[in-house]
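Worksheet: one structure, shown below.
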Amino acid sequence: MIKIAVLETQNVNKNFSGLQALKNVSVTLKKQQIIGLIGPNGSGKSTLFNLITNVISQDEETTGNILFEGKIINDQKMHLLAREGLVRTFQVTQIFPKLTVLENMLIASQFHPGENLKKVLVDVFRKLLHKSTWEEEELTFAKKAMEILDFLEISHLAKEKAEVLSGGQRKLLALGRALMTSGKVILLDEPVAGVNPVLSNRIFEKIDQLRKESTTFFIVEHNMDVIMESSDHVFVLSKGEIIADGSPKEIQENPNVLDAYLGDEGE
Amino acid sequence: MQTSRLYLKGHRILLIIGGWFSSFILLTFLLSFVIPNPLNLTLPLFSYAGIFGIAALSLNLEVGVTGISNFGKIAFFMVGCYTTGLMYLFKFPIFIAIPIGMVVAGFFGYLLALPTLDLREDYLAITTIAVGEIVRTVLRAETWIAWPQNRSEAGGTLGLTVENIFRSNITSDLVLGNIVLPSTLIADFLFLFSITAVFLLVYLFVEIIYNSPFGRVLKSIRDNDLAAESLGVDIVEYRIKAFVVSSALAGLAGGIWALYIVGFSPDGFPPYYTFFLWIIVIIGGIGNNRGVIFGSLLVWSIEYISRTLTGDIDTLVSRIVGILNPLSDFYQQISSHIPIIGDFLLSLNPISFFQEIVVINPPEYYPQFFFGILLILFLIYRPKGIFPERPIQTVAELAVSEHVNKTDSVIEEADGNDDRVGR
C-alpha cells in the first residue's frame with residue numbers, strides 16, 4: 001500500500017544569528033504513521049517543530065518549503081494550521097493555569113459554535129424559546145473530553161485548576177488537548193517526559209490505536225525504548241542535519257547514530 | 001437537570017438587586033446620624049457607583065478576562081460621553097443618542113485595537129495611557145466642540161452642557177398627606193433606578209459572555225496565548241472583539257454620565273478616573289463581575305463620603321495640629337540643647353514635617369492616600385480581590401457529574417458487598 005505524504009519539509013534552514021540550528025532538513029511524514037524524531041540535546045528537534053508550525057519563521061535567504069497535504073504552508077499562522085488539522089504540543093508544557101482541567105480540554109475543541117460571540121448572544125433568545133443552542137455541542141465536547149481525561153487517568157481532577165497539576169500531569173493534559181483536537185497530524189514534543197513508565201506505555205498504545213484510525217504522529221522523545229518500539233520510521237537529527245533515517249531497526253544498527261550520541265564523549 | 005439556570009441566573013440577579021438597594025437604605029440610615037440630609041449624599045453616590053460600575057465591568061472584561069491591560073479606559077468613556085452629549089444637543093432622543101455613543105466608542109476601540117493589540121502587555125499599557133491623554137488634549141484644543149457656550153476664545157475647555165432629562169421633565173412636587181416630596185428628589189430617584197437597571201443589564205450581558213465558550217476562549221488567551229494559538233484560537237480576532245465590546249460598554253457608561261452630570265469638559269476626565277476603575281476591579285476581584293459591583297460601591301463610598309465631609313476635615317486638621325504643637329516645641333527645646341548636631345536635628349523635626357504634610361495636602365487628596373494604601377495591602381495580602389475569580393459555568397459541568405456517577409456505580413458494582421456502598 002502506498003501511503004501519501006501528509007507533511008513534508010523540503011530543505012528548511014534556520015540560523016540563529018550565526019548558529020546554524022537547522023541545515024537543509026527534509027523530512028516526509030506519511031499518512032497513518034508514527035514517526036520518531038531523535039537526536040542529542042540542541043540538535044534542532046524543537047526548532048524543526050517550531051518552523052513547521054510557524055512559531056518561528058525560516059531564514060529569508062534560504063527558504064525551503066513546508067507542505068501540509070500537498071499545500072505550501074510556509075507562512076500560515078499557527079491557529080489556521082491547527083484548524084486545518086496540524087496540531088502540536090510544546091516541550092515546555094503550555095497550560096492555561098487559571099482554567100480548570102476540563103476547560104483546558106474544551107479550548108481544544110475545534111469549530112465549537114459557542115466560541116462565536118454572535119452565536120452566544122443569539123442563543124440567549126433561542127434558549128428562552130427552548131430551541132437548540134450551543135449547549136448541545138458543549139455537552140458533546142465535554143463528554144469527549146472526559147473520556148480522554150479518563151484514559152489519561154486525570155479525570156478526577158477535571159474540576160481543579162490546572163495550576164495545581166504536577167509536571168507529569170501537565171504533560172498529560174497537554175497531550176490530552178492535542179488528542180482532543182482530532183488533528184490529522186499531531187506533533188508531540190516529548191509527550192511522556194516525566195510520566196510513569198506504565199502510563200507512558202499505555203499512551204503509546206493509544207497513539208498506535210489512533211494512528212490506525214487516521215492520525216499521523218510526529219514525536220520527539222528521549223526515551224529510546226518507547227520510541228524504537230512504537231515508531232514506523234525514525235529521523236535522527238544531529239547538529240541541525242538529518243544524519244540518518246529509516247526503520248527503528250536500521251537506526252539502531254547505524255554507526256552514525258551512535259557517534260552522534262556518544263561522539264562527544266569519545267573525543 | 002436545570003440547564004436554564006446556568007444561562008440566566010435569576011436568583012443571583014435578585015441577590016444583587018437586594019444587596020444594592022439594602023446597602024442604599026442602610027447607608028442612608030447610618031449617614032442620617034452624621035449629616036442632616038443623607039439622601040443628598042447617597043443618591044449621587046449610588047448613581048456614580050452605578051455608572052462607574054458599568055465602566056468597571058467593561059474594564060474587567062478586558063483586564064480580568066482577556067488580559068488586555070488598558071490604562072486608557074477614560075478615553076472611551078469620554079468618547080461615549082461627548083458623542084451622546086452632542087447627539088442630545090442635536091435633538092436626538094436619548095434612546096438613539098446613547099446607542100450612537102456606544103457605536104462610536106466601539107468603533108474608536110476598533111481603530112485603536114488594529115495597530116496596538118499585537119503589542120506586549122506593558123507596551124500596550126503605555127500606548128493606552130497616551131491615547132487617554134491624547135483624546136483629552138484634542139477635545140480641549142478643538143474650538144468647535146464647546147456647546148452651547150461661546151466657543152470662540154476658550155475652545156473645548158468649556159465642554160458641553162446638556163440637561164438632566166429627569167429633572168427637566170418632572171417639575172411638580174409630590175404631596176402625600178403631610179409629606180412633600182420635592183420634584184428634584186423624585187427625579188434623582190428615577191435616575192438612580194434607571195442607572196441601576198442599565199447596570200444590571202450590563203452585568204447580565206457580561207455574565208452571559210463570561211459563562212460561554214467565548215468567554216472561556218478569552219480567558220485562555222489571558223492565561224497563555226501561545227497555547228491558545230496552537231489549539232486553533234485566532235487570538236488577535238478574539239482580543240479585538242473583546243476590546244470593541246468593552247469599549248462600547250465604556251461608551252454606554254460615558255453616555256449615562258453625560259446625562260447625569262449635565263455639564264462636562266475635558267478636564268473633568270482626568271487619568272485618575274482610569275486608575276479609579278482599576279482600583280475598583282482589583283479590590284472587587286479581577287475576573288469576577290459580582291466583585292466589580294461590590295468594588296464600585298465600596299470605592300465610591302470611600303471617595304464620595306470623604307469628599308463630602310471635607311468641610312469638617314479642616315477643623316479636624318487644625319485640632320490635630322493644635323495637639324501636636326506642644327510636642328513640636330518640646331522637640332525644638334531638646335534639640336537646641338544638643339551641641340554640634342542640634343541644628344541638624346532641628347531641621348529634621350518629624351512633627352513639623354507631619355504638620356506640613358497635613359496642611360499642604362488639600363483634603364480632596366485624602367481618599368487617594370487611602371486608596372494607595374488599600375491597593376498595596378490588597379496586592380500583598382489578597383491579590384485576587386474580595387471576590388476571587390470563579391470557573392465559568394456551562395453545561396460542561398453536567399458531563400463531569402455524569403462521569404462521576406458512572407465511575408461511582410462501577411465502583412459500587414465492583415465491591416457490592418462492601419459496607420461503603422452508601423457513598
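Within the span defined as the stretch A:225-245, every residue fails to be of a type outside the set (D, E, K, R), loosely packed, with under 15 Cβ neighbours inside 10 Å and at pLDDT below 90.
Would you mind stating whether A:H79 is at the interface with another protein chain (Cβ under 7 Å from one of its Cβ atoms) and touching a Gly at 6+ places or on another chain (Cβ under 7 Å)? Judged against the criteria, A:H79 is a match.
Let's see how each residue does on (1) under 18 Å from the mean Cα position of the chain (by Cα); (2) at pLDDT below 80; (3) not in a helix (DSSP H, G or I):
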| site | (1), (2), (3) |
| --- | --- |
| B:S318 | no, yes, no |
| B:G322 | no, yes, no |
| B:I340 | no, yes, yes |
| B:L346 | no, yes, no |
| B:Y365 | no, yes, no |
| B:L374 | yes, no, no |
| B:L377 | no, no, no |
| B:I380 | no, no, no |
| B:F387 | yes, no, yes |
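Of the candidates B:L259, B:L181, the single residue that is more than 9 Å from chain A (Cβ to nearest Cβ) and touching a residue at least 40 places away in the same chain (Cβ under 8 Å) is B:L259.
When A:L188 is tested against (1) outside the structural domain of A:I219 (by TED's automatic domain parsing); (2) touching a residue at least 40 places away in the same chain (Cβ under 8 Å), exactly one condition is not met: (1). Flag: A:E137 does not match the condition of being more than 25 Å from B:F205 (Cβ to Cβ), more than 7 Å from every other protein chain (Cβ to nearest Cβ) and either free of Cβ contacts under 8 Å to residues at least 12 places away in the same chain or surrounded by fewer than 24 Cβ atoms within 10 Å (Cβ to Cβ) (or both).
Within the set A:V87, A:V122, the sole residue that is assigned by TED's automatic domain parsing to the domain that holds A:T47 and of a type outside the set (K, R) turns out to be A:V87.
A:L179 - would you say it is touching a helix residue (DSSP H, G or I) at 6+ places or on another chain (Cβ under 9 Å), modelled with pLDDT of 90 or more and not in a strand (DSSP E or B)?
Values: touching a helix residue (DSSP H, G or I) at 6+ places or on another chain (Cβ under 9 Å): yes; modelled with pLDDT of 90 or more: yes; not in a strand (DSSP E or B): yes.
When the stated conditions are applied, A:L179 passes them.
Tell me the helices (runs of 4 or more DSSP H) entirely within the stretch A:204-267 that contain at least 3 residues that are more than 30 Å from A:G176 (Cβ to Cβ) and free of Cβ contacts under 8 Å to residues at least 24 places away in the same chain. Once the helices (runs of 4 or more DSSP H) in the stretch A:204-267 are filtered for at least 3 residues that are more than 30 Å from A:G176 (Cβ to Cβ) and free of Cβ contacts under 8 Å to residues at least 24 places away in the same chain, what remains is A:248-253, A:255-266. If we scan the stretch A:139-161, do we find a residue that is assigned to a loop (DSSP other than H, G, I, E, B), more than 20 Å from A:V192 (Cα to Cα) and among the acidic types (D, E)? Taking every residue of the stretch A:139-161 in turn, at least one turns out to be assigned to a loop (DSSP other than H, G, I, E, B), more than 20 Å from A:V192 (Cα to Cα) and among the acidic types (D, E).
Take the conditions closer than 18 Å to B:G232 by Cα and assigned to a strand (DSSP E or B) and apply them to A:V55. Does it pass? So A:V55 does not fit the description; no. The set of residues in the stretch A:53-67 that are more than 23 Å from A:E115 (Cβ to Cβ) and surrounded by 16 or more Cβ atoms within 10 Å (Cβ to Cβ) comprises A:Q58, A:D59, A:G64, A:I66, A:L67. Could you run through the stretch A:91-115 and say how many residues are more than 7 Å from chain B (Cβ to nearest Cβ) and either without any contact (Cβ under 8 Å) to a residue 60 or more places away in the chain or not hydrophobic (A, V, I, L, M, F, W, C) (or both)? Qualifying residue count for the region: 7. Looking only at residues of the stretch B:137-164 that are in a helix (DSSP H, G or I) and of a type in the set (A, V, I, L, M), we find that the one that is modelled with the highest pLDDT is B:V138. Of all residues in the stretch A:140-162, those satisfying the criterion of being within 9 Å of chain B (Cβ to nearest Cβ) and farther than 21 Å from A:T181 by Cβ are A:H156, A:K159, A:K161.
Conditions (1) modelled with pLDDT under 90; (2) under 14 Å from B:G251 (Cα atoms), marked per residue:
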residue	(1), (2)
B:T3	yes, no
B:L27	no, no
B:F33	yes, no
B:F46	no, no
B:A55	no, yes
B:G67	no, no
B:F71	no, no
B:M78	no, yes
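Reported count of residues in the stretch B:250-304, each being of a type in the set (G, A, S) and not in a helix (DSSP H, G or I), is 4. Among all residues of the stretch B:121-133, there is at least one that is within 24 Å of B:E389 (Cβ to Cβ), surrounded by 19 or more Cβ atoms within 10 Å (Cβ to Cβ) and in contact (Cβ under 8 Å) with a residue 24 or more places away in the chain. Reported count of residues in the stretch A:36-52, each being surrounded by 23 or more Cβ atoms within 10 Å (Cβ to Cβ) and either aliphatic (A, V, I, L, M) or within 14 Å of chain B (Cβ to nearest Cβ) (or both), is 5.
Here is the figure for the stretch A:122-138: residues that are part of a helix (DSSP H, G or I) and over 17 Å from A:F111 (Cα atoms) total 6.
The values are calculated or read from the model by the stated rules, or taken from the named source; none is laboratory data. Note that this is a predicted model, so its numbers are computed, not measured. For neighbour counting, all protein chains shown are included, and Cβ atoms are generated from backbone atoms with ideal geometry for every residue, glycine included.
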